[in-house]
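Every number here is computed from the coordinates shown, using simple stated rules; none is lab data. What you are looking at is a predicted structure, and each value in this text was computed from that prediction instead of being measured. Note: ideal-geometry Cβ built from the backbone for every residue, glycine included; neighbour counts use all protein chains shown.
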Amino acid sequence: MEAQLPIRRLTTGLFLLAGAFLGVTTAPPVAGAEGATLAPYKATYLTKAMGMKVRIERELVTTDEGYRLTSNGRSMLAKIKESARFRLDGENVQGINYQYQLKSVVRRKREVIFLPEAGIIKSLKKDEWSEHKWSEGVLDQLSQQEQLRLDLKSAAQASDAPPDILKFKVVDGSRIKDRRLQFVGRETLSTPMGDVLTLHYKQLRPPTATRRSAVWIAPSLDYLMVRTQHIEDDSTIEISLESLTIAPQKGSH
């Protein structure tokens with residue numbers, strides 16, 4: 001059991017990268033905004049936890065049905081694969097399918113299937129399927145970060161001030177969890193690409209909570225995540241952007 005503890009905590013860090021405490025925000029939409037698009041990108045993140053390091057390769061590509069987001073990491077002890085397929089309905093991400101696999105001394109598999117025509121969302125966790133009533137604004141752990149990009153971009157067009165509170169819903173097995181992020185301030189972070197101005201948000205938790213989570217988003221990098229930090233007891237898990245290539249938007253020069 002002692003040997004498995006660092007791997008479990010490292011797994012937590014990798015899962016945070018998938019957006020475990022981010023999600024569908026409630027930033028006000030831009031009046032008359034139509035045909036929102038997301039710029040495809042390739043990014044590399046470095047996860048540090050319990051003295052171990054894992055690099056995560058993340059890529060967003062366009063497909064015939066919309067978009068596919070993948071996030072893959074590998075170390076000597078673990079291998080993690082994630083993917084999310086989704087489409088855009090105006091400025092809203094509509095999930096299609098989400099898959100997550102961890103292979104190590106502990107094995108985990110998760111899946112979410114969105115079936116709006118049938119009015120349900122199916123979710124697999126711990127080898128058990130759950131069924132939820134379908135509703136807009138409920139997303140999986142991975143594609144929710146793309147909704148975050150869209151909402152923050154919309155908010156920036158409406159106001160120079162970032163949203164103070166972001167609210168969202170995330171499918172997690174038999175539960176749909178409500179989470180909130182609070183704006184902390186603007187911070188400049190040093191990255192391999194140079195200094196980057198970011199929007200710092202922290203997750204709101206009960207006063208007695210022993211866990212703390214925060215995320216830093218860079219407007220100049222198309223609102224992609226630059227850093228994530230999760231602190232639990234005496235352990236800190238940090239995920240930092242190492243490299244990034246963003247495809248130019250159509251019509252840009």
Here region 191-204 yields Karplus 3J(HN,Hα) values (6.51, -1.76, 1.60; θ = phi - 60°; whole Hz; Gly and Pro given as x) of 10, x, 8, x, 6, 10, 6, 10, 9, 9, 10, 10, 7, 7
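Listed here are the pairs LYS125/LYS202; LYS42/LYS169; LYS125/LYS167; LYS79/LYS167; LYS79/LYS133; LYS103/LYS167; which of them are more than 29 Å apart at the Cα?
Details: LYS125/LYS202 26 Å; LYS42/LYS169 26 Å; LYS125/LYS167 23 Å; LYS79/LYS167 31 Å; LYS79/LYS133 32 Å; LYS103/LYS167 32 Å.
Those over the limit are LYS79/LYS167; LYS79/LYS133; LYS103/LYS167.
For every other residue with a beta carbon closer than 9 angstrom to the beta carbon of ALA43, add +1 if it is Lys or Arg and -1 if Asp or Glu, then tell me the sum. The partial results should precede the final answer.
Working: positive: LYS42, ARG58; negative: GLU57, GLU59, GLU242.
Computed value for this residue: -1.
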What ranking of THR37, THR228, THR44 emerges when the number of other C-beta atoms within 10 Å of each C-beta is taken as an exposure proxy, fewest first? THR37, THR44, THR228
Virtual paramagnetic centre 7 Å along Cα→Cβ of GLU111, amide N under 11 Å, in region 60-103: 98-100
Added length on full extension, which subtracts the Cα-Cα distance from 0.36 nm per residue, ILE165 to GLU57: 35.9 nm
